[in-house]
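The structure appears below as structure tokens.
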Amino acid sequence: MKLFKTTALSLLLATSVFAESKTDMAEDMRTMLSAMQEIEAAGFYNNKEGMHAGVKKLKSGLKTLLSTDAKEYLPDEQAYANKFAKKNATMITMYADDLIDSLNHNKMDDALENYALILKQCTSCHIRIRSY
């Protein structure tokens with residue numbers, strides 16, 4: 001009976017941790033989508049402060065992606081995706097930093113190019129991972 005209780009408790013704990021990380025990931029993905037929309041809208045109106053705010057919001061959404069192991073919620077045939085997702089998160093961070101640097105040097109064309117590169121990273125990851 002003690003073994004059954006221990007097993008049940010372990011299963012409950014693992015399930016709650018899994019659900020929490022998946023919920024956190026979904027919330028961060030929504031945050032990043034909203035941030036990308038803010039960056040794009042601000043870029044249309046040459047609103048540098050709005051773009052700065054969007055980049056800050058975008059980077060705050062990367063925390064779960066960088067700290068969560070995608071193997072926890074992806075099928076076995078998609079287990080490789082964890083490494084791919086972390087690489088894309090690193091690239092998003094790099095392009096976001098470049099976007100800010102371009103804004104600081106009044107290079108709006110370069111900033112918008114970095115936005116496009118961020119969008120490409122997001123899209124490539126979603127195409128590969130969400131295809132399961």
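Accessible area per residue (1.4 Å probe, heavy atoms of protein chains only) ranks Arg128, Arg30 as Arg30, Arg128, with the largest value leading. For Arg128 and His52, a Förster radius of 35 Å and the Cβ-Cβ distance give a FRET efficiency of 0.70, rounded to the nearest 0.05. Working from label points 7 Å from Cα in the Cα-to-Cβ sense, the Ser34 to Asp98 distance is 2.8 nm.
Test of understanding: what is the full-extension gain from Glu113 to Ser60, defined as 0.36 nm times their sequence separation minus their Cα-Cα distance? The partial results should precede the final answer.
Numbers: separation 53, 0.36 × 53 = 19.08 nm, distance 2.10 nm.
Additional length available on full extension: 17.0 nm.
As an exercise, use a Förster radius of 25 Å and the Cβ-Cβ distance of Lys120 and Thr23 to find the FRET efficiency, rounded to the nearest 0.05. Plugging the Cβ-Cβ distance into 1/(1 + (r/R0)^6) gives 0.40. The heavy atoms of Asp24 present about 70 square angstrom of accessible area, all protein chains included, probe 1.4 Å. Remark: spin-label model distance Phe44-Lys87 equals 3.4 nm, labels positioned 7 Å along the Cα→Cβ axis. The heavy atoms of Lys86 offer some 60 square angstrom of accessible surface to a 1.4 angstrom probe.
Give Lys48/Lys86; Lys87/Lys107; Lys48/Lys83; Lys63/Lys83; Lys86/Lys120 a once-over and call out the pairs whose C-alpha atoms are over 24 Å from each other.
Lys48/Lys86; Lys87/Lys107; Lys48/Lys83, as the Cα separations exceed 24 Å there.
The values are calculated or read from the model by the stated rules, or taken from the named source; none is laboratory data. The structure presented is a predicted model; accordingly, all values stated were derived computationally and were not measured. We place every Cβ from the backbone using ideal geometry, glycine too, and count neighbours over all the protein chains shown. All accessible areas refer to the heavy atoms of the entire protein, side chains included, with ligands and DNA or RNA removed. Shrake-Rupley method; radii C 1.70, N 1.55, O 1.52, S 1.80 Å.
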